[in-house]
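The values are calculated or read from the model by the stated rules, or taken from the named source; none is laboratory data. On a predicted model such as this, the values are computed, not experimentally measured, just so you know. Ideal geometry is used to build each Cβ from the backbone, glycine not excepted, and the neighbour counts take in all protein chains shown.
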Amino acid sequence: MKRLEEPYIESNEIARSQSAVKIDHELSEKMLIQSSHHESRNEEHKYANPNALGLLGLVLGLSPLSCVLMGLEGATTADGLIGPIYGSGALALIVGAVMQFMRGDTFSLIVFMSFGGLFISLGITSTPSASGQSSFGDDLAPFLVSLGFYYMFWAILAFLFLVASLKINVIFCWIFITTDVAFALISASYFSDAQGQHDRAKGYRKAAGAMAFLTIIGGWYGLAGLIMQSVDFPWNPPAGDLSRLWVKKRVAQNGRV
């Protein structure tokens with residue numbers, strides 16, 4: 001009997017030891033998963049939300065510019081906005097883009113960096129000594145045409161942003177559809193100036209300023225919501241989330257399959 005019992009006891013001990021190892025392994029995996037989730041949450045809260053900073057640069061740079069384009073209070077040129085365009089517009093947008101890069105948000109990185117570059121190029125173009133305008137002499141038509149092409153391609157880029165924003169929220173859609181039209185009108189104004197049609201160009205610029213003003217309405221609205229959200233304000237303006245519509249559509253398609 002002793003010979004029969006010893007292997008039985010040994011086999012039970014081996015089984016218990018294997019079970020203990022399995023339990024210890026599962027427990028360690030569970031602790032590792034929980035630890036990774038905790039680290040990921042800490043990583044998310046490591047940096048502030050840079051969307052507010054990007055929108056801040058957009059509205060502070062574009063708000064006075066839209067008023068100048070519309071000719072309010074007799075404004076005819078944006079040369080007086082060179083400092084604000086660099087210091088408030090471009091700086092905030094580029095810093096926001098760098099922060100989005102660190103967070104891994106590719107779309108916001110592209111949007112903020114491109115608009116930051118736009119404000120820098122606008123500031124350089126508005127600086128007579130750096131714009132290259134003097135190299136054209138008295139014939140400024142080629143200079144104006146080149147700027148017309150620049151803003152024409154910006155209208156194409158804004159349209160791409162608009163298509164992508166259909167998966168984000170209504171605020172972004174509003175911002176990009178109005179900027180798209182504004183860029184197209186600015187491009188048309190430069191082409192008209194190059195052809196000597198100055199009255200038509202002036203009308204295009206005013207219309208572009210009006211569209212830019214509609215852009216900043218959406219920008220200020222979105223910025224207000226992000227500021228309220230940053231301090232846990234009890235009420236936040238709704239941004240019109242569109243991502244849920246795409247999720248529902250994807251779920252419905254999977255259900256049909």
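Checking each residue in segment 131-152 for being surrounded by 12 or more Cβ atoms within 10 Å (Cβ to Cβ) and farther than 15 Å from Ala194 by Cβ picks out Ser131, Gly132. Please work out if Gly218 is within 17 Å of Gly61 (Cα to Cα), crowded, with 20+ Cβ neighbours inside 10 Å, touching a Phe, Trp or Tyr at 6+ places or on another chain (Cβ under 6 Å) and at pLDDT below 90. So Gly218 fails the test. Please verify whether segment 212-235 includes one or more residues that are touching a His at 6+ places or on another chain (Cβ under 9 Å), farther than 20 Å from Asp105 by Cβ and either of a type outside the set (Asp, Glu) or assigned to a helix (DSSP H, G or I) (or both). No - not one qualifying residue is present in segment 212-235. Segment 77-173 holds helices (runs of 4 or more DSSP H) entirely within its bounds, and those carrying 2 or more residues that are in contact with an Asp or Glu (Cβ under 8 Å, 6 or more places away or on another chain) map to 141-165.
Exactly one residue among Phe176, Phe191, Phe107 is over 13 Å from the mean Cα position of the chain (by Cα) and in contact (Cβ under 8 Å) with a residue 12 or more places away in the chain, and that residue is Phe191. Sub-7 Å Cβ pairs linking a first residue in segment 201-214 that is more than 19 Å from Ala141 (Cβ to Cβ) to a second residue that is among the β-branched types (Val, Ile, Thr) and buried (at least 18 other Cβ atoms within 10 Å of the Cβ), at least 6 apart or interchain, are Ala208/Ile186; Met211/Thr178; Met211/Val181; Leu214/Thr178, ordered by first then second residue.
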